Amino acid sequence: QVQLVESGGGLVQPGGSLRLSCAASGSSFRINDMGWYRPAPGKQRELVAGITSGGSTNYVASVKGRFTISRDNAKNTVYLQMNDLKPEDTAVYYCNVVVVVTTTYTQVGFWGQGTQVTVSS
């Protein structure tokens, strides 16, 4: 089993910045892809930013140039640096981690508990 602990959400004014963190803990796993999601109209959740085990990144169009996803493999942690925040970025942000369970070589996804980001003046 893998546990994910998110932190870094809060209330910020438009144009401000926040940094989200998501740390994975547990045993017998190797992390593959990591990402941040948020609810979207017509969808359960949309991928905001993703990063592969090799460091390749992708972003939803609305955050390109403003958000940066990164990971620290030694700490099993993924980050989302959010700059120039806009009111439409207000949402609960969920991290998602896809791992390979090294005892069974199966791939499993896990979700964080969610962290609220509110952008308002």
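Phi-derived couplings, Karplus 6.51 cos²θ - 1.76 cosθ + 1.60 at θ = phi - 60°, listed residue by residue for region 92-106: 8, 9, 10, 8, 10, 10, 9, 10, 9, 6, 6, 7, 10, 6, 9 Hz, with x used for Gly and Pro. Surface composition of the chain: carbon and sulfur atoms hold 48% of the protein heavy-atom accessible area at a 1.4 Å probe. Rounded to the nearest Å, what's the spacing between the alpha carbon centres of region 76-121 and region 44-65? Just the number, please. Value for the Cα centre distance between the two parts: 10 Å. Per the Debye calculation on region 38-101 with a single equal scatterer at every Cα and no solvent contribution, log₁₀ I(q)/I(0) for q = 0.20, 0.21, 0.27 Å⁻¹ amounts to -0.86, -0.94, -1.39.
Here the scattering of the chain is modelled by Debye summation over its C-alpha atoms, one equal scatterer each and no solvent; at q = 0.13, 0.18, 0.19 Å⁻¹ the log10 of I(q)/I(0) is -0.48, -0.89, -0.98.
Along region 16-33 the Karplus relation, 6.51 cos²θ - 1.76 cosθ + 1.60 evaluated at θ = phi - 60°, assigns HN-Hα couplings of x, 10, 9, 10, 8, 10, 9, 10, 9, 9, x, 9, 6, 9, 10, 7, 9, 7 Hz to successive residues, with x for each Gly and Pro.
The values are calculated or read from the model by the stated rules, or taken from the named source; none is laboratory data. Owing to the predicted nature of the structure, the values given are computational and were not obtained by experimental measurement. Note: areas computed on protein heavy atoms with side chains; ligands, DNA, RNA excluded. Shrake-Rupley method; radii C 1.70, N 1.55, O 1.52, S 1.80 Å.
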